[in-house]
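Single-structure report; data block below.
The values are calculated or read from the model by the stated rules, or taken from the named source; none is laboratory data. Computed from a predicted structure; not experimentally measured. Here Cβ is always computed from backbone atoms with ideal geometry, including for glycine, and neighbour counts include all displayed protein chains.
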C-alpha cells in the first residue's frame, strides 16, 4: 500500500476535474449514511463541465441565483393568474406589462 504522502503527490498530479471527483468520492465514502454511485457522480461531473464550457464559450449566459428565482416566481404568478383569471381571460401580454411595471417600481425605490 502506498504511503499517504505518495497518494497525495499522485492526486496533485491529476487534472483539476479529476481531483474534484476523487475528493467527492473520498468524502462520500467516509460518510456511512451516504450511498455512493460512481456512475451518478461521473454523470454530474460531465454535466457541470458541459455547463461551464458553454458559459465560457459564450453559448449561454449565466444568471444570478436571485434573478433565476425571481423569474421562476414571476412565471408561477403568471401561470396561476392565467389559470384562475376572470371570466374574460387576461392576455399574456397584459400580464407581462403588469409584471414589467411592478419591476420598474421596485427598481425605482
Over region 60-109, the set of residues in a loop (DSSP other than H, G, I, E, B) and modelled with pLDDT under 80 is 63, 64, 84, 85, 86, 87, 88, 89, 90, 91, 109
Margin query: When you check residue 45 against the structure, is it touching a helix residue (DSSP H, G or I) at 6+ places or on another chain (Cβ under 8 Å) and either modelled with pLDDT of 80 or more or at positive phi (or both), yes or no?
Written below: yes
